[in-house]
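Scroll down for the structure; my scribbles are underneath it.
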Amino acid sequence: MIVLLVVAALAAVAAGGTYLWLDNLVRGTHGDPDQQTIESLLEETTTTSEGQQVVDKQPSSQDILVLGSDNREEGSETYGRSDTLMIVHVDPEAEFVSILSLPRDLRVEVPGRGVQKINAAFAYGGPELAIRTVQQVTNIDLDHYVNIDFDAFRELTTELGGIYVDVDRRYYYGGNQYENIDLQPGYQKLAGEQALDWVRFRHDGNVDFGRIERQQRFLRAAREQISKWDAALKVPSLVGLVARNVHTDISTGDALKLAYWGLKLGGGRVKQVDLAADTREIGGASYVVATDDAIREAVLDLMQPPEDASPVGTTDSTAPDGQTTLPGATTTTSEAAVTVDLTGISVEVLNGNGRPGEAAAAAEWLKSLGANVSRVGDTSGHDTAATRVVHPAAQSGAAELVARALGTGSLSESTGEIITIVLGRDFELPEGFRPRPTVDQIPNSGEWRSLAGKVSFGIMAPAYLPETVRYRDERVYEIETDDGPRPALKVMYRYNSRDLYMGIMQTTFLDAPAAGEGETVQVDDTTYTVVAADGRVDRVWWVRDGVLHWVSNTLFYDLDRAELLKVATSTIPVQ
């Protein structure tokens, strides 16, 4: 993929005699010692070990094996190991690209070598054995291969000036000279050794799966930022670099065609395919284990175009009142409530969730629906999860109307004389009735007040946080840009007890590529943009008072659209 991105950048100057020069240099990428054997292997029609035909695919499509390898020798291993194995499925007729990353520790049968980790195939037999192994494991008849040396990745990212990525947390490991890393969190430009260290990192609870996600994020960011590269001025060094460090059987003409086509492809037509697998200790070694059915399912998904759905994935959660919703999305509890007439119904409202002022605000909203509110108060505890309606037996009909307005199905009878509403943590008021929290009422208010004194711009803090995240750390720093350093703040919230983090970024770098295209959502006088990746919400960004803010999802996109939007729209200025 990196090779195609670079060739795409060069395509603008590849015309006439310039093409001939480019073709002459790129021929150097066909210099693998086993090139003829590899090309013969790729021309063969692959069959499975049982002699069955491989997975069907469209005649116009191609499957390219991309290997990212280290050229160092390790013991008896001649080639080094392939840290990256991706199958890139390209279908110009259906207009989509899909990518399946195979974990380097995937436990497979390597022809002639027995059960091994899949990256051992490259170590023992180079691209030829890697191709044979991948074809046998996936039943895909591969058409081409690209082998990118780690040196190429270092040099390419450096020559192109780096790629902006949002580093979700601090990455540190000092275990050995090949995998050492010390990278601070926050939005920043990565190039050279830092970029390679980040995409290769696997020494945490996310192991190979985290590495795959970071590689996909880096490639996606590179694709988004390619139009801003000043590649034309660097043509000679870029082509020479590719020729020295990349081996492939793809011709110059075919590479340019793919590059031109890929540049025109919309982001919604690029799909990442996940392989369902888990990590196990077997014989004292750690493996990634996937069943045959899981691999077959992933391969079938690889061949299918992205669904023609909305650009942002949703669950059964919903957007706050006043926001646009996507096709098929449900409305919020409060939006549904405005259609319920509670005229003449008397209720009392008790706060069971502990959020200050919410019972009084709920009373005002219920009055707007026609209800009579006789009392507002608190329950004895603030641990009520679900909103409920308690009612006298004779008022069951009225209680059902109240429950419909609240969007709850929890009703129970009591011996009291009036309908009682107990507000739980699931309760949401319409936007116009929500009490505005003060800074002192927001989660981690002390930390946010302290941060406000450390930065030179106005910051915003969330009044709402999903129950799954907890404040973990922060970093005040500067982002290096073409126009000089820009002040920035990164705040990290840990997701459950895993090595995953929701982030809040704030900076005066208004032109940051992170402020990309997406679904726009208007709330009051602020426009929020929801940016998706492969149908999953990656971040929500907005600008206020000359500051760019965004809420970023975890590495595995654990939070849904509604939660990220709710965090974003709940933010208030910290004075």
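Here are the numbers:
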| read-out | value |
| --- | --- |
| Packing rank of 126-135, 513-522, where each peptide gets the mean count of other beta carbons within 10 Å, highest leading | 126-135, 513-522 |
| Loop-located GluC sites (Glu not before Pro) in segment 353-438, at most 14 other Cβ atoms within 10 Å (DSSP) | E417 |
| Segment 454-547: trypsin sites (Lys or Arg not before Pro) in DSSP coil with no more than 16 other Cβ atoms inside 10 Å | K454, R498 |
| Computed E for D293/F556 - FRET, C-beta separation, R0 22 angstrom, nearest 0.05 | 0.50 |
| For segment 368-419, the Rg and Dmax computed from alpha carbons only, in angstrom | 11.4, 29 |
| Ranked H382, H247, criterion: other C-beta atoms within 10 Å, fewest first | H382, H247 |
| Rounded FRET efficiency, nearest 0.05, which uses the C-beta distance separating Y471 from D56 and R0 of 45 Å | 0.35 |
| Packing rank of 113-120, 217-224, where each peptide gets the mean count of other beta carbons within 10 Å, highest leading | 217-224, 113-120 |
| Subset of K454/K566; K117/K257; K57/K264 violating a 29 Å alpha-carbon distance limit | K117/K257 |
| Gyration tensor verdict on segment 422-554 (Cα atoms; rounded if a/c is under 1.5, prolate if a/b is larger than b/c, oblate otherwise) | rounded |
| Gyration tensor verdict on segment 333-427 (Cα atoms; rounded if a/c is under 1.5, prolate if a/b is larger than b/c, oblate otherwise) | rounded |
| Anchor K367: aspartates and glutamates whose Cα lies under 18 Å away (excluding residues fewer than 8 positions away in-chain) | E335, D341, E348, E358, E400, E428, E431 |
| Straight-distance crosslink candidates among lysines, where the alpha carbon sits under 21 Å from K189 and sequence neighbours closer than 8 are dropped | K228, K234, K490 |
| Distance (nanometres) between label positions extended 7 Å along Cα→Cβ at Y172 and A360 | 4.6 nm |
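Each value in this text was obtained by applying a stated rule to the coordinates, not by laboratory testing. Please read all numbers here as calculations on a predicted model, not as lab measurements. Neighbour counts run over all protein chains shown; Cβ positions are idealised from the backbone, glycine included.
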